[in-house]
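What follows is one structure encoded as structure tokens, with my remarks underneath.
The values are calculated or read from the model by the stated rules, or taken from the named source; none is laboratory data. Source: prediction; values computed, not measured. Every residue, glycine as well, gets a Cβ built from its backbone with ideal geometry; the counts of neighbours run over all protein chains shown.
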Amino acid sequence: MYADIVTIFPDYFAPLDLSLVGKARRAGLVDWRVHDLRDWTHDRHRTVDDTPYGGGAGMVMKPEPWGEALDQLLAEAWSTPTLVIPTPAGVPFTQAMAHELAAAPHLMFACGRYEGIDARVAEHAASRMPVREVSIGDYVLNGGEVAVLAMMEAIVRLVPGVVGNPESLVEESHAVGSGLLEYPSYTKPMHWRGLDVPAVLLSGDHGRVDAWRAARSLERTAARRPDLLPPTQD
Ligand code: 6GU
């Protein structure tokens, strides 16, 4: 998986070189380049935004630098990329979408700031490549950078070979399949600050352990994310 990330804040992406994602890059399993949108401006002030037509607060990112950036990155691409545009007005980013994007050979991320990017940029890009306008949750960030960090981490760990034990991808929360939240986990010591590890986990009875974990998953999901429960039959 290869990604081009376009932003006016390239420094936001330095942490991608840490931890599992950075290790995957050094292992040659994934790679990315971060580009400064202002490199595609031509005025002295390297302007990337302007006031909104129709009025209102905030600034809108101008289409011309984005058009030139996407033209150039598309011309350099060896296969048609998928363009991901983070926006609070997007469709929800899910584990299923992370799996789809992890299978794409080339992603492009267009990080908007302020009140977003002139809507013609996505419209025009859609005539050249698949475009996904995506939100990471029902809250507002100042720009797409933090959303792209979150999406890159979710995507990169699904690339084959990145996570050491693929079993750990199966059981975790939001695993496509069960759709339930993960059960609680415990490690040593057995007694800690007056709290004990549930006895069933020490029993060595895998059937009882599995049944206990399934019950805790269901209980947690009902309490925290009832929207994830399968519809009940009448
Ligand atoms: Cl993807 N971008 C911004 N700016 N805010 C968000 C978001 C994305 N997802 C949730 N809030």
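Starting from residues that are farther than 30 Å from Arg38 by Cβ and surrounded by fewer than 16 Cβ atoms within 10 Å (Cβ to Cβ), keep the ones in segment 83-111 and report whichever is nearest to the ligand (Cβ to nearest atom). Only one residue fits best here, namely Pro92.
Looking across Ala77, Ala102, one residue alone is at pLDDT 95 or above and either charged (D, E, K, R) or more than 12 Å from the chain's Cα centre (by Cα) (or both). It is Ala77. Summed over segment 112-121, residues that are within 13 Å of the ligand (Cβ to nearest atom) and buried (at least 17 other Cβ atoms within 10 Å of the Cβ) total 5. Can you spot a residue in segment 193-201 that is within 19 Å of Thr94 (Cα to Cα) and part of a helix (DSSP H, G or I)? No, segment 193-201 contains no residue that is within 19 Å of Thr94 (Cα to Cα) and part of a helix (DSSP H, G or I). As for segment 42-62, it holds no residue that is small (Gly, Ala, Ser) and closer than 15 Å to Cys111 by Cβ.
Looking only at segment 126-162, count every residue that is more than 8 Å from the ligand (Cβ to nearest atom) and of a type in the set (S, T, N, Q) and tell me the total. The total comes to 1.
Residues are listed down the side, and each one gets a yes or a no for (1) of a type in the set (Gly, Ala, Ser); (2) at pLDDT 95 or above; (3) part of a loop (DSSP other than H, G, I, E, B):
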| position | (1), (2), (3) |
| --- | --- |
| Asp4 | no, yes, no |
| Ala14 | yes, yes, no |
| Lys23 | no, yes, no |
| Leu29 | no, yes, yes |
| Arg33 | no, yes, no |
| Arg38 | no, yes, no |
| His42 | no, yes, yes |
| His45 | no, yes, yes |
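Applying a threshold of 6 Å to beta carbon distances and a minimum spacing of six or more residues, or different chains, the list of pairs starting in segment 1-20 at a residue that is within 23 Å of Pro160 (Cβ to Cβ) and ending at one that is acidic (Asp, Glu) and part of a strand (DSSP E or B) reads Tyr2/Asp31. The residues listed here are Gly116, Gly90, Gly67, Gly55; of these, the one that is of a type outside the set (D, E, K, R), touching a residue at least 40 places away in the same chain (Cβ under 8 Å) and on the phi > 0 side of the Ramachandran plot is Gly116. Checking each residue in segment 119-147 for being under 19 Å from Pro52 (Cβ atoms), among the small types (Gly, Ala, Ser) and in contact (Cβ under 8 Å) with a residue 12 or more places away in the chain picks out Ala122, Gly143, Gly144. When Leu169, Leu202, Leu149 are screened for being surrounded by 11 or more Cβ atoms within 10 Å (Cβ to Cβ) and assigned by the TED database to the domain that holds Thr82, only Leu149 passes. Residues that are charged (D, E, K, R) and farther than 15 Å from Ser178 by Cβ within segment 188-223 comprise Lys188, Arg193, Asp196, Asp205, Arg208, listed in sequence order.
Exactly one of these conditions fails for Val121: (1) part of a strand (DSSP E or B); (2) under 18 Å from Met61 (Cβ atoms). Give me its number. So the condition that Val121 fails would be (1).
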